[in-house]
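**Student:** Right, I'll just put the structure down here and ask away after.
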Amino acid sequence: MIQDSNQICCDVDGALPLTETSPGREPPQIAGQVGFEISRRERWEHFRCRLGSFRDRYSVAPGLYAFGNPGPQGDVLVSASYKLSFDTLRKELEGLDCWILVLDTRGINVWCAAGKGTFGTAELVRRIGATRLGEVVFHRRLLLPQLAAPGVNAAEVRRQTEFKISFGPVRAADIPAYMKAGYRKTPAMSTVSFGLRDRLVLTPMELNPALKKFPWFAAMAILLFGLQRRGIMFTDIWNGGGMAFLILGLTAVASGAFLTPVLLPFLPCRSFAVKGWIAGLAVVFLTSLIPIVSAAMNSRLLLFAAYLLFPVISSYLALQFTGSTTFTGMSGVRKELKITLPVYAAAAAVSLFLLIMFKLTEWGKG
Amino acid sequence: MKYLADIVTLEYNAELCTGCRRCVEVCPHQVFVIENKRAAITDRDRCMECGACALNCEAGAIMVDAGVGCATAIINSIIGGGEPSCGCDSGSGSCC
């Protein structure tokens, strides 16, 4: 197969002027031959990408790949060097013969890379030159994912390379239907959805960083609640409200990083901070019904501190989810932060003050 | 789902529009439609300021202050200065 595609390239005399990045006069090199099959190992790798930092190392080498048996008239699909993006594309292309041009996006997916400019005009122009695409295919058409458009200026690419860009569907799964329809998109094909499943797969990446910071919170709670005039008494941590605070802390994380994303459309208000706060308030209320929690929360000071602090933690974590959504813009998030950051700081300070008051009254009793 | 009302920086000058349809092609939220051979804005609140339309409008009819709508990125830019950009390159693994 590779030989076939090389054969095609060798027959073509390099008609376009070579760019400075091109390696010489040898035939253009094809980076590899790929198919639509996703192996069991790749499925496991895709799963790991959803969970954590494995995604940072999951990349595919930039270059021109042959999918099936594309000739010089084969379509050229452009993708990112994040292997999950590349695999998501190729698994939808069963039965097609085309070229896949992988840009160097430093292992980042199409949309994020386009936002950062790494899936951008300059890299596309450079990669067209480096792979000598103009010698591999006779036509001058490129099919880009629609979500590459924030980074790629189609008119500029055409000026510099003669290649004419079509921005295809948002989802790779729609590509065969898009091609069958004569390279026309339905409005549904060009709209980004954000359904329950989309939100759910993103939650591990919200929970992970939040839980990594949890030990700091736990250490502070243990120190504060364990602190006695006699020293740090670990027996007092559990009955003195420490246990309750650890449980509430965990449920606040779950509320902001999991429940709010999942229940996003059903929570009132458009503001993520408010959505997260409401979810947090409900979760604190429900958690405080648990007998060991309610038994420990016997002081009004503790109760106030808990209701002040935990919904705010949930709210802060919910705001972080704006980075994963498909519909929040920079101006809106800026406005939310401008209002909420001082509120968060104040709430944290006041609840700490209340906790110290609580400790002082405890010591007064002792 | 829509985000905050009346906040997006999207500006559109219909007089400059050539009706090339690029904005309709690139917008992920169907903010633009073609009416009488020119683009028209349907619902500004749907805009997420990704900047695809403005970048690809050859007529220069569209302007938007594009950037990432990500709290972490914006907090980092407040602390460290500069434009908000997610830390995808740094291997923090906590981003889009």
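The values are calculated or read from the model by the stated rules, or taken from the named source; none is laboratory data. In this text the structure is predicted, and so the values were computed from the model without any measurement. All Cβ positions, glycine included, derive from the backbone under ideal geometry; neighbour counts span all protein chains shown. For accessibility, only protein heavy atoms count, side chains too; no ligands or nucleic acids. Shrake-Rupley method; radii C 1.70, N 1.55, O 1.52, S 1.80 Å.
**Student:** Using only the alpha-carbon atoms, how far is helix B:71-80 inclined from the longest principal axis of chain B? Give it as 0 to 90 degrees, nearest 10.
**Tutor:** Here the helix axis deviates by roughly 60 degrees.
**Student:** Separate question: Once amide H atoms are placed 1.01 Å from N in the peptide plane, what residues at a sequence separation of 5 or more from A:Gly32, or on another chain, have their amide H within under 5 Å of its amide H?
**Tutor:** When sequence neighbours closer than 5 places are left aside, the close amide H contacts are A:Ala66.
**Student:** May I ask for the net charge around A:Lys180, where only other residues with Cβ less than 14 Å from the Cβ of A:Lys180 are counted and Lys, Arg are +1 while Asp, Glu are -1?
**Tutor:** Local net charge: -2.
**Student:** Determine the principal axes of the Cα atoms in segment B:11-87, then give the extent along each, sorted from largest to smallest and rounded to whole angstroms.
**Tutor:** Principal-axis extents of the Cα atoms in segment B:11-87, largest first: 47, 20, 16 Å.
**Student:** For segment B:2-33 and segment A:144-158, what is the centre-to-centre distance using only Cα atoms, to the nearest Å?
**Tutor:** First find each Cα centre; the distance between them is then 16 Å.
**Student:** Using a simple spin-label model with points 7 Å from Cα along the Cα→Cβ vector, what separation in nm is obtained for B:Leu16 and A:Val350?
**Tutor:** Calculated label separation equals 4.7 nm.
**Student:** Moving on. Just to confirm the filter: which trypsin sites (Lys or Arg not before Pro) across segment A:144-207 are DSSP coil and have at most 14 other Cβ within 10 angstrom of their Cβ?
**Tutor:** Of the trypsin sites (Lys or Arg not before Pro), the ones in loops of segment A:144-207 whose Cβ has at most 14 other Cβ atoms within 10 Å are A:Arg184.
**Student:** Using only the heavy atoms of the protein chains and a 1.4 Å probe, how would A:Glu162, B:Glu15 rank by accessible area, largest first?
**Tutor:** Most to least solvent-accessible, the answer reads B:Glu15, A:Glu162.
**Student:** Considering only protein heavy atoms, what is the solvent-accessible area of B:Cys20 at a probe of 1.4 Å, reported in Å² to the nearest 10?
**Tutor:** Looks like 80 Å² after rounding.
**Student:** Please give the contour-minus-distance gain from A:Arg141 to A:Leu250: 0.36 nm per residue of separation, less the Cα-Cα distance, rounded to one decimal in nm.
**Tutor:** My answer for the length gained is 34.0 nm.
**Student:** With +1 assigned to the C-beta of every Lys and Arg and -1 to the C-beta of every Asp and Glu, and no other charges, what is the dipole magnitude of chain A about the Cα centre in debye, to the nearest 20?
**Tutor:** Approximately 1260 debye in magnitude.
**Student:** Long-range amide H contacts for A:Leu101: which residues qualify at under 5 Å (H placed 1.01 Å from N, peptide plane, sequence gap of 5 or more or a different chain)?
**Tutor:** A:Tyr65, A:Leu77, A:Val78, A:Ser79
**Student:** Let me ask something else. Under the rule of -39500 (n - 2.57) per DSSP H run of 4 or more residues, summed and divided by the residues of chain B, what mean residue ellipticity at 222 nm is obtained, to the nearest 500 deg cm²/dmol?
**Tutor:** Value at 222 nm, helices only, nearest 500: -5000 deg cm²/dmol.
**Student:** Determine how large the accessible area of B:Met63 is when every protein chain is in place; take a 1.4 Å probe and give Å² rounded to the nearest 10.
**Tutor:** 110
**Student:** Taking beta carbons within 10 Å but only from partner chains, what does the mean come to for residues A:40-52?
**Tutor:** Across the residues of A:40-52, the mean count of other-chain Cβ atoms within 10 Å is 0.
**Student:** Quick one: net charge of B:Met63's neighbours, Cβ under 12 Å, K/R +1, D/E -1?
**Tutor:** Net of charged neighbours comes to -3.
**Student:** Other chains' Cβ within 10 Å of A:170-177 residues: what's the mean?
**Tutor:** Rounded to a whole number, the mean comes out at 0.
**Student:** Could I ask something else about it? Helix by helix, which DSSP H runs in chain A go 30 Å or more along their axis at the Cα atoms and have an average Kyte-Doolittle hydropathy of 0.0 or more?
**Tutor:** Helix filter hits for chain A: A:204-226, A:300-320, A:330-365.
**Student:** Go through A:Ser331, A:Ala347, B:Asn56 and say which Cα lies farthest out towards the positive end of the charge dipole of the protein assembly as shown; charges sit on Cβ, +1 for Lys and Arg, -1 for Asp and Glu.
**Tutor:** Going by the Cα projections, it comes out as A:Ala347.
**Student:** Would you tally the net charge around B:Arg46, using a Cβ to Cβ cut-off of less than 13 Å, leaving B:Arg46 out, and scoring K and R as +1, D and E as -1?
**Tutor:** Local net charge: -1.
**Student:** Within 10 Å of each Cβ in A:145-155, how many Cβ atoms from other chains are there, averaged over the peptide?
**Tutor:** Mean shielding count: 6.
**Student:** Need one number: % antiparallel among DSSP beta bridges in chain A, to the nearest 5.
**Tutor:** Percentage antiparallel, nearest 5: 40.
**Student:** Rounding to the nearest 20 debye, state how big the charge dipole of segment B:11-87 is about its Cα centre with +1 on each Lys and Arg Cβ and -1 on each Asp and Glu Cβ.
**Tutor:** In debye, rounded to 20, segment B:11-87 gives about 220.
**Student:** Helix-only mean residue ellipticity at 222 nm, chain A, DSSP H runs n ≥ 4 weighted -39,500 (n - 2.57), per residue, nearest 500. What is it?
**Tutor:** Roughly -16500 deg cm²/dmol at 222 nm, from the helical runs in chain A.
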